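Novice: Here it is, the structure, as structure tokens.
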Amino acid sequence: MFTVFTRENKMSLEQTACDDLKAFERRLTEVIGCLQPATMRWRIVLIVVSVCTAIAAYHWLMDPLTPVVSLTQSLWNHPFFALTSTFLVLLFMMGVHRKVVAPNIITARTRSVLNDFNMSCDDTGKLILKPRPANT
């Protein structure tokens with residue numbers, strides 16, 4: 001009925017806990033590592049589209065006909081601006097801004113959970129054991 005914790009049982013429990021932590025760390029680093037290439041691609045796409053939109057907006061605003069004609073005619077005269085700005089809005093509506101920061105979101109949430117266990121993790125997912133708090 002009662003389990004007697006012997007030295008062997010205690011060592012076995014500590015070894016199991018250590019193995020579980022190692023497995024958790026491996027999985028966390030794997031998840032963050034797998035997200036990095038996709039995150040980099042989305043960052044590049046977002047930067048390129050943002051720069052193209054900024055350049056097109058500059059040309060659109062510097063056009064002397066822009067204040068004279070209607071908005072639709074002005075956008076029709078500058079299809080590159082209309083296309084890039086539409087594409088930028090669509091990217092944000094699809095949630096690309098969340099895909100760009102997905103590894104940061106995962107590590108921040110993991111840190112908040114690990115804080116309860118006096119642990120943390122770095123940006124790659126490696127676990128950091130904090131020193132035990134001193135009992136007063």
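Novice: Can you work out the Karplus-derived ³J(HN,Hα) for every residue in the stretch 84-97? Use 6.51 cos²θ - 1.76 cosθ + 1.60 with θ = phi - 60°, whole Hz, and x for glycine or proline.
Specialist: Each residue of the stretch 84-97 in turn: 5, 5, 5, 5, 5, 5, 4, 4, 5, 5, 6, x, 5, 4 Hz.
Novice: Hey, another quick one. Under 16 Å from the Cα of LYS130, which aspartates and glutamates turn up, not counting those fewer than eight places away in the same chain?
Specialist: The reachable aspartates and glutamates, counting only those whose Cα sits under 16 Å from LYS130, are GLU25, ASP116, ASP122.
Novice: For the stretch 41-136, run through the chymotrypsin sites (Phe, Trp or Tyr not before Pro) and keep only the ones in DSSP coil with at most 10 other Cβ atoms within 10 Å of their Cβ. List each step's numbers first, then the result.
Specialist: On the way: sites: TRP42, TYR58, TRP60, TRP76, PHE80, PHE81, PHE87, PHE92, PHE117; in loops: none.
Here no chymotrypsin sites (Phe, Trp or Tyr not before Pro) fit, given the DSSP loop and packing criteria.
Novice: By count of other Cβ within 10 Å, fewest leading, how are HIS78, HIS59 ordered?
Specialist: In order of increasing Cβ crowding within 10 Å: HIS59, HIS78.
Novice: Quick one: if you stick a label point 7 Å off each Cα along the C-beta vector at LEU129 and LEU21, how many nm between them?
Specialist: 0.4
Novice: Here are labelled values, (i) 26.3, 90; (ii) 13.4, 38; (iii) 14.5, 45, and one is the computed Rg and Dmax of the Cα atoms in Å for what I pasted. Which one?
Specialist: The value computed from this structure is option (i).
Novice: Full-extension gain between ASN77 and GLU14, please, as 0.36 nm times their residue separation minus the C-alpha to C-alpha distance.
Specialist: On the way: separation 63, 0.36 × 63 = 22.68 nm, distance 7.09 nm.
Full extension from ASN77 to GLU14 adds 15.6 nm.
Novice: Taking the C-alpha atoms of the stretch 91-136, how large are the radius of gyration and the largest Cα-Cα span, Dmax, in Å?
Specialist: Looking at the stretch 91-136, its Cα Rg and Dmax stand at 14.9, 53 Å.
Novice: Can I ask one more? Any idea how far apart ARG109 and VAL48 come out in nm if each label point goes 7 Å out from Cα toward Cβ?
Specialist: Each label point lies 7 Å from its Cα, and together they span 2.9 nm.
Novice: May I ask you to list the trypsin sites (Lys or Arg not before Pro) in the stretch 46-136 that are in a DSSP loop and have at most 13 other Cβ atoms within 10 Å of their Cβ?
Specialist: Here the sparse-neighbourhood loop sites are LYS126.
Each reported figure results from applying straightforward, stated rules to the coordinates on display, with no laboratory input. This one's a predicted model, so the numbers in the text were calculated from it and none came from an experiment. Heads up, the Cβs are rebuilt from the backbone with ideal geometry, glycines too, and the neighbour counts pull from every protein chain shown.
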